[in-house]
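The structure appears below as structure tokens.
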Amino acid sequence: MTMKWLNLFLILTLLTVTACSNNKKKADGTAASEGIEQDADFIVDSEDEDLMMEDGEKAPVEELAFAEDSGSSPVSLDTGSNGQYTVKKGDTLMWIAFKIYGDYSKWKDLSNANGGISTISTGQVLNYSEPAERFVWQPNGLPHTVVNGETLGTISNAKYGTASRWRSIYDNNQPMIKDPNLIFAGFTLYYVPDRDIASE
């Protein structure tokens, strides 16, 4: 009888230790996600003329890891010719890099091409290396500007009445979304309204 109680006690102890270690991993993942949101949300309100990025700010770890693992071929930045881009109200280095190269992670290259700038303002002219192939993105549907705290699921719920259609928004916005769990406030995503889907 004592051996049964000892075995039962040992099993319960192991289950408790395992459950506690799983909770710690979940808590660590939540903290990391909150840190990513804070790091990624350096886009200011569009009412503000100056758009700032803190010195030494780093891109989210998930974004960098995904970009390295990405199967898509990188855009060649060195064609020998240079272009100029005039900053518009609401632009960020990430958004400009996406419009030029089709890859928002190239914002650091854009910053470095302009003396390592961390602040841009409306009307400022930025220099950049012309990509080997011009990036053209023609999204389908209606625009939705991402606000802080939104996910593809919450956007899907707002536009379609269910969070389960997040994948259609994800599919409609590639190559802008590298990781469906990481979208940026200030970016404009496009969704196809139900009336357009029904008419196809």
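Read the figures in this text as sums done on the coordinates, not as results from a lab. Note that the coordinates shown come from a computational prediction; the quantities given were computed from them, not determined experimentally. Note that we place each Cβ from the backbone using ideal geometry, even for glycine, and neighbour counts take in every protein chain shown.
For the stretch 142-198, the spherically averaged projection of the C-alpha convex hull amounts to 3.5 nm². Applying both filters, DSSP loop and at most 13 other Cβ atoms within 10 Å, to the trypsin sites (Lys or Arg not before Pro) of the stretch 100-134 gives Arg134.
Summary of packing: across the peptides 85-93, 137-145, 97-105, 159-167, the per-residue average of other C-beta atoms within 10 Å ranks them, highest first, as 97-105, 85-93, 159-167, 137-145. Shown in residue order for the stretch 138-155 are the 3J(HN,Hα) couplings computed by the Karplus curve 6.51 cos²θ - 1.76 cosθ + 1.60 at θ = phi - 60°: 10, x, 9, x, 9, x, 9, 7, 6, 10, 3, x, 7, 10, 4, x, 5, 5 Hz (x for Gly and Pro).
Computed on the stretch 142-198, with alpha-carbon pairs under 8 angstrom and 6+ residues apart, the relative contact order is 48 percent.
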